[in-house]
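Trainee: One structure, pasted below without further comment.
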Amino acid sequence: MITGPTSHSFVSQRLRLRYADWGNASAPPLILLHGGRDHSRSWDWAAQELFRDWHVIAPDLRGHGDSDWSPSGDYGMLATLYDLAQLIHQLGLAPVTIVAHSYGGNIALRYAGVYPANVRKLVAIEGLGPSPKMLSERMAKPITGRLKDWIESKRAVAGRTPRRYANLEDAYKRMKEENNHLSDEQARHLTIHGISQNEDGSYSWKFDPYMRVFPPYDLAQSDAEALWAAITCPTLLMYGEDSWASNPEKDGRAKHFNTARVISFKGAGHWVHHDQFETFMAELRGFL
C-alpha cells in the first residue's frame, strides 16, 4: 500500500518547481493546488482518499514548499498562472480535474477560463480573492499611493529576517494559533512538512517572505469576471461559514459563472478541507 507520494520537478520561467505524485498514472489526472503560504503536503489526507481512483498530483507553487523562490519576488497571479499552465502542458494532463484552495483556487479559476477545454471539473475553496467590498476599498486609493505602498512593503520585506523558531514545538504552537480549527494531528503534519531547519539548528517556514507582498494591481475586475464566465466545466465553489472570505452567492460574484454551484460549511474557516474534512470529502466525492 502506498504511504506517501514520490517527489518530482518541472521547470517554469527558469524556476525548478516541485510536485508530489501519488502514482496510479493510468487513472484520470487530478491536481490538488494549495493556497498561499502553504505547501503540497497539506493535501495528504485528501490524496490518501483519492489516489486509488485518480492520478493525484500536488505541486508546490513557486516560493512554497520545496519549489524555488522567485529571484524577483514575483508571486502575482499571471506568473503563477503560467506555472500551472506549464505543469499541465509538460506532463500532458489535459483534460484535468482540479481541486484548489485560496490563492491556488484563484489561479485554477483563471486557467479554466483561459483553457476551458483543458479542465474536466473544478473545485475552488474560497478561491475568488478579495470581496467586492474589499476590492472597492483598495481601488479607492490612487495608483500612486498603491505603488508607493508596494515599494515600501517590498523594501521592508527585503530587510526582514525570516522568523526563527527554537524548535518544532514552537512552530507547531504558531500553526495552532493561526487556525484554531486544526486538530493536533493536522497542525503537526502541516508544521513538519512546512518548515525547514536552519544551519544554526533553528527552524523557519519554507515559504518565501516576499509572498506577503502582492502587486499593487491585478486584472481588471471585469476581465476576471470574463474569465469566470468562460469556464465551461462543472464548478464547485466552497466556503466556510466562519471564514473572513465573502460568500459569492451573497456578494453577487456567483452570477458571473455559468456552470458553478456554491456550498458553505458550518464550523469551517478559510481552510474548509481541514476544518471539516469528512464533510468536505463527502461533497468532493459526490461532485467528482
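Each value in this text was obtained by applying a stated rule to the coordinates, not by laboratory testing. Since this is a predicted model, take the numbers as computed values, not measurements. Here the Cβ is made from the backbone with ideal geometry for all residues, glycine too, and neighbour counts use every protein chain on show.
Trainee: If you put +1 on each Lys and Arg Cβ and -1 on each Asp and Glu Cβ, how big is the dipole of the chain around its Cα centre, in Debye rounded to 20?
Mentor: 660
Trainee: Further, regarding this structure: Here are some pairs, LYS154/LYS176; LYS173/LYS206; LYS176/LYS266; LYS121/LYS250; which of them have Cα atoms lying more than 25 Å apart in this structure?
Mentor: Over 25 Å Cα-Cα: LYS154/LYS176.
Trainee: Something else about it: Only helices at least 20 Å long along their own axis, judged from Cα atoms, and with Kyte-Doolittle mean hydropathy of 0.5 or greater: name those in the chain from DSSP H.
Mentor: The qualifying helices are 77-91.
Trainee: A further question on this structure: Return the FRET efficiency for the residue pair SER26, THR259: r is the Cβ-Cβ distance, R0 is 25 Å, and the value is rounded to the nearest 0.05.
Mentor: Plugging the Cβ-Cβ distance into 1/(1 + (r/R0)^6) gives 0.35.
Trainee: About the Cα centre of the range 111-211, how large is the charge dipole given +1 on each Lys and Arg Cβ and -1 on each Asp and Glu Cβ? Please answer in debye to the nearest 20.
Mentor: About 520 debye.
Trainee: Given axes a ≥ b ≥ c from the Cα gyration tensor, I'd like to know whether the chain is rounded (a/c under 1.5), prolate (a/b larger than b/c) or oblate.
Mentor: Because its axes are fairly even, with a/c under 1.5, the chain counts as rounded.
Trainee: Using every alpha carbon pair in the range 1-123, what percent of pairs falls into each 5 Å bin from 0 up to the bin containing the largest distance?
Mentor: All Cα pairs considered, the percentages come to 2, 12, 25, 27, 21, 10, 3, 1, 0.
Trainee: Amide H of VAL96 versus every other amide H placed in the peptide plane: which residues, excluding those fewer than 5 positions away on the same chain, fall under 5 Å?
Mentor: Under 5 Å from the amide H of VAL96: VAL119, ARG120.
Trainee: Hey, rough spin-label estimate for THR144 and HIS8, points 7 angstrom out along Cα→Cβ, what's it come to in nanometres?
Mentor: Taking the two extended label points, one gets 5.2 nm.
Trainee: For a protection proxy built on the mean count of beta-carbon atoms within 10 angstrom, sort 190-203, 271-284, 83-96, 101-114 highest first, please.
Mentor: 101-114, 271-284, 83-96, 190-203
Trainee: Still on this model: When a/c is below 1.5 the answer is rounded, else prolate if a/b is larger than b/c, else oblate, so apply that to the range 186-288 with a ≥ b ≥ c taken from the square roots of the Cα gyration tensor eigenvalues.
Mentor: oblate
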